[in-house]
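The block underneath contains the structure these notes are about, expressed in structure tokens.
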Amino acid sequence: MKVKTILVSQPAPKSETSPYFDLADKQKVKVDFRSFIHVEGISVKEVRSQKIDLTQFTAIILTSRNAVDHFFRIAEEMRFNVPDDMKYFCQSEAVAYYLQKYVVYRKRKIYVGTRTFPELTKLIKKHKDEKFLLPSSDKLKALIPTELDKLGVTWTRANLYRTVVSDLSDLEDVFYDVLVFFSPSGIESLFENFPGFKQNETRIAVFGNSTIKAVADRGLRVDIAAPTPETPSMTMALEKYIKTVNKK
């Protein structure tokens with residue numbers, strides 16, 4: 001079956017140069033965006049119940065923009081003035097750039113990884129005497145604590161925000177040719193909103209091995225998978241699939 005409509009389970013891109021817009025234009029398909037999950041901040045009371053004392057840390061490990069936002073939110077709500085000599089270890093350039101929303105970049109000690117967490121640990125290893133705080137959501141990749149424990153550094157996890165299922169009830173009678181997922185949480189949201197979901201002719205596109213497993217665990221079929229050597233991005237995987245099926 002030809003692909004005419006795609007629903008991406010993420011917020012719409014803010015940039016007009018998004019590859020999704022190029023995909024829609026070149027392949028003449030309709031691409032919609034909708035967050036299947038969203039993030040909510042955890043209250044100061046809940047953070048305090050974790051026995052978190054922000055004054056005890058000399059370095060912050062930031063793996064996402066959400067981690068940045070909620071660290072500074074909690075710091076403000078706890079009336080904690082973040083010291084100028086605090087060290088920041090950012091998993092990617094995008095996270096480091098986002099940090100400028102809260103600190104004067106050139107006046108801070110900021111260490112930037114290239115993309116993955118294991119790559120960031122190479123920088124953390126050079127500063128083993130620091131006391132690290134890891135702001136995180138309620139759902140943390142197992143790889144992160146494993147890698148930190150391997151280093152033998154002093155670190156503490158602080159749950160500062162949680163992933164929540166979005167209300168998708170308005171989509172109950174709306175059908176798409178392709179549904180695109182980037183996390184197991186997106187699959188959970190699909191079934192929490194639509195417990196009787198049947199895949200039928202709907203194609204499912206997924207990014208990452210953990211999402212592929214979540215789809216398989218629900219007895220669904222993966223039609224489009226990324227990343228692969230040939231299609232490292234989701235838009236490339238979608239384009240390749242669409243070109244194939246829409247030619248028939």
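A few comments on the model shown:
- Within the straight-line cut-off of under 19 Å between alpha carbons, the lysines reachable from K107 are K87, sequence neighbours fewer than 8 places apart in one chain being disregarded.
- Most fluctuating residue given options K131, K87, K26, as computed from a GNM of the chain linking Cα atoms under 10 Å: K26
- Accessible surface of the range 189-248 [probe 1.4 Å, protein heavy atoms]: carbon and sulfur percent: 54 percent
- Surface per residue (accessible, 1.4 Å probe) for the chain, Å²: 57 Å²
- The range 205-248-the range 68-101 distance, computed between alpha-carbon centres (Å): 35 Å
- Among V104, V164, V178, residue whose mean-square fluctuation peaks in a GNM of the chain (springs only between Cα atoms under 10 Å): V104
- Surface composition of the range 3-144: carbon plus sulfur atoms contribute 49% of the solvent-accessible area (1.4 Å probe, protein chains only, all chains present).
- Build a GNM of the chain with springs between Cα atoms under 10 Å apart, and of P229, P83, P135 the one that fluctuates most is P229.
- Within the chain, longest stretch clear of exposed GluC sites (Glu not before Pro) (DSSP loop, no more than 12 other Cβ within 10 Å): 17-171
The values are calculated or read from the model by the stated rules, or taken from the named source; none is laboratory data. Just so it is clear, the model here is predicted, and its values are computed rather than measured. Neighbour counts are summed over all protein chains in view; Cβ atoms, including those assigned to glycine, are modelled from backbone coordinates with ideal geometry. What goes into the accessible areas is simple: the full protein's heavy atoms, side chains included, and nothing from ligands, DNA or RNA. Shrake-Rupley method; radii C 1.70, N 1.55, O 1.52, S 1.80 Å.
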